[in-house]
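One structure is given here, and the rest of the page talks about it.
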Amino acid sequence: MASHDESGKKSNENEMPTFNAENLQSNMKVVYYCRTFMSIIGGVIAGICGFTGLMGFVVYVLVMAITSVCLTARAGFSIHSYFDSWNRVLLDGFLGGLLSFVLFWTFAYDIVHIF
Amino acid sequence: MAEELVLDTAIRDWVLIPLSVVMVLIGILRYFVSKLMRTSQLPDSKIIKEGQVIIRARNLRAAANFIPVKAFRARKVYYTNEENGLLHVPKGQAQNPQAQMFSDPNMAMDMMKKNLSMIIPQTLTFAWVNFFFSGFVAAKIPFPLTQRFRSMLQNGIDLSTVDVSYVSSRSWYFLNLFGLRGLFSLILGEENATDDTQRMMQMSGFGFDPSKSLGAEKDGLDIVQHDWVLPKFEQRAEAVLRKRLSS
């Protein structure tokens, strides 16, 4: 995860929150890349471990939750100086990595178990 | 009946992996080809001017609360004035840029080239998959699906007792098609034209931009309510400075 890309973007107003749009967008991009990468890795792990059916989707949700927690920790738990709401880092793009997850899950499962 | 089929390992070596590798390579090739073909477009100065005016008006609308009322009103009149305001387009002229854009031969050919570069590799790969890799079970998807998907996923397999989880290579092609989009966005950066919906959005936003959005920006500016958020700013600045100087 890039450390210097998540720059803070709130200006010096005490009462009125203003956001630097470019930085906000760049932070969102970082979140998207992290989620995609973790869903690919999670797919490979789920396939190697041999999860099938519902267990695999549980693994996906788990991996996404771990990604959210790690992103929050990376932002120093002060979400409001990097994003404009909690939903952005916790829920945004949650289902976007599902297709990549399923592809790599199928791939790894087949290679390992039906070889 | 959930019997476990034993599949030949040669299928793994010669179907799954080559298909995925080919699709990744074709995606990368398409990205570079589209980048090479895109460099021949001279921007029109009138369109760029209008775009910049729109951006300035948008900035004014977004930051309206940070400048005093009089300054905001002066700027607003500059943009929305009926006679010579920048955003005011007489009705006759409004249609011209749009019509011109769609009948311009260069623009039409450009769009067609983008379309073709998207559709041709997909069609070719699909035909290749159908020709070579049909008629056998290719992969097992790890989650169960209902019987209705059987006709979609098991094209070449004519046995109806095989579990729906065992799919043909056509469905592996489609799974790759959708699943590799995430991978492409990671390895190619943001500017990759492999996503169909993105391309649609770009194409539809391109033709309507100048003529309609001028009117939209004008309306937007007209309805902005000015609410100054820095009313006692001098006092606050004084307080902050005092605190700093005394500590």
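The values are calculated or read from the model by the stated rules, or taken from the named source; none is laboratory data. This one's a predicted model, so the numbers in the text were calculated from it and none came from an experiment. Every residue, glycine as well, gets a Cβ built from its backbone with ideal geometry; the counts of neighbours run over all protein chains shown. Keep in mind that these areas ignore ligands, DNA and RNA; they rest on the heavy atoms of the full protein, side chains included. Shrake-Rupley method; radii C 1.70, N 1.55, O 1.52, S 1.80 Å.
Quick notes
- Unsatisfied cross-links (Cα-Cα over 32 Å) in the set B:LYS46/B:LYS113; B:LYS76/B:LYS232; A:LYS29/B:LYS113; B:LYS35/B:LYS76; B:LYS46/B:LYS114: B:LYS35/B:LYS76
- Computing FRET efficiency as 1/(1 + (r/R0)^6) for B:ILE17 and B:PHE143, where r is the C-beta to C-beta distance and R0 is 25 Å, gives about 0.70.
- Solvent-accessible area lost in complex, 20 Å² minimum, residues of region B:119-143 relative to chain alone, 1.4 Å: B:LYS140, B:PRO142, B:PHE143
- The accessible-area loss of region A:63-111 on complex formation, taken against its chain alone with a 1.4 Å probe, reaches 50 Å² or more at A:LEU99, A:LEU103, A:THR106, A:PHE107, A:ASP110.
- Å² of accessible area per residue within region A:23-113, as computed with a 1.4 Å probe and no ligands counted: 47 Å²
- With all protein chains modelled, accessible area of A:CYS70 [1.4 Å, Å²]: 70 Å²
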